[in-house]
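Read the structure below first, then the notes.
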Amino acid sequence: PMDHTNQYSKYTAMLDQFDKELDDIYHDYALRHNLSDAALWILYAVYGSEEEITQADICNGWFFSRQTINTALKGLEQQCIIKLEPVPGNRKSKHVIFTPAGRALAEQTVVPLKQAENQVFAAFSDEENQLFVEMAGKRCSLLREFLKVKS
């Protein structure tokens, strides 16, 4: 069998650099709006959610540690961007709710970000979009499996 190790290494390096560049693009966008990365993703998650979401939902859905999200939420709460409301029947869990200032901030930051992301996908065909998303998900699943990293 042919050894593709060098070819795979080249692909891995390219994809890892693209991943890092993507992180950098979002980081720069957050900085330009005086937000931490975690704060930006909290705004993104809350604004994009059809229903009220909790700190745990954000941690689980966006792969942030509880400590990182907790720290960012405290900062956003002190700035009167969000408020934390207890989930009925659950003393530990709290919903993350926008204040009017928070909703305005999300509209200034998340809306243009989502519009730019949508423009990216609009530049591809439906088939390319579907394949891209499937392959990205498969890459994450397989790497998690091969590295034996918990999900």
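Annotations for the structure displayed:
- Scanning region 116-138 for residues that are more than 21 Å from Ile25 (Cα to Cα) and surrounded by 11 or more Cβ atoms within 10 Å (Cβ to Cβ) gives Glu128, Gln130, Leu131.
- Looking only at residues in region 67-81 that are within 15 Å of Ala30 (Cβ to Cβ) and part of a helix (DSSP H, G or I), the one that is most open to solvent (accessible area, probe 1.4 Å) is Thr71.
- Considering only residues in region 7-50 that are assigned to a loop (DSSP other than H, G, I, E, B) and of a type in the set (S, T, N, Q), the one that is nearest to Pro100 (Cα to Cα) turns out to be Ser49.
- Complete set of residues in region 39-66 that are touching a strand residue (DSSP E or B) at 6+ places or on another chain (Cβ under 8 Å), under 15 Å from Leu113 (Cβ atoms) and open to solvent by 40 Å² or more (accessible area, probe 1.4 Å): Tyr47
- Filtered residues of region 95-113 (kept if over 15 Å from Ser49 (Cα atoms), free of Cβ contacts under 8 Å to residues at least 60 places away in the same chain, surrounded by 12 or more Cβ atoms within 10 Å (Cβ to Cβ) and out of contact with any Lys or Arg (no Cβ under 9 Å at 6 or more places or on another chain)): Ala101, Ala104, Pro112
- Candidates Leu73, Leu35, Leu31, Leu43, filtered to the one that is more than 18 Å from Val111 (Cα to Cα) and out of contact with any Pro (no Cβ under 8 Å at 6 or more places or on another chain): Leu73
- Residues in region 22-39 that are within 17 Å of Val120 (Cβ to Cβ) and either among the charged types (D, E, K, R) or under 11 Å from the mean Cα position of the chain (by Cα) (or both): Asp23, Asp24, Tyr26, Asp28.
Condition check ((1) closer than 30 Å to Arg91 by Cβ; (2) at pLDDT below 95) across all residues:
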| position | (1), (2) |
| --- | --- |
| His4 | no, yes |
| Asp23 | no, no |
| Arg32 | no, no |
| Ala38 | yes, no |
| Leu43 | yes, no |
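The values are calculated or read from the model by the stated rules, or taken from the named source; none is laboratory data. In this text the structure is predicted, and so the values were computed from the model without any measurement. Don't worry about glycine lacking a Cβ; one is built from the backbone with ideal geometry, like all the others, and counts go over all protein chains shown. Just so you know, the surface numbers come from the protein's heavy atoms only, side chains and all, with ligands and any DNA or RNA stripped out. Shrake-Rupley method; radii C 1.70, N 1.55, O 1.52, S 1.80 Å.
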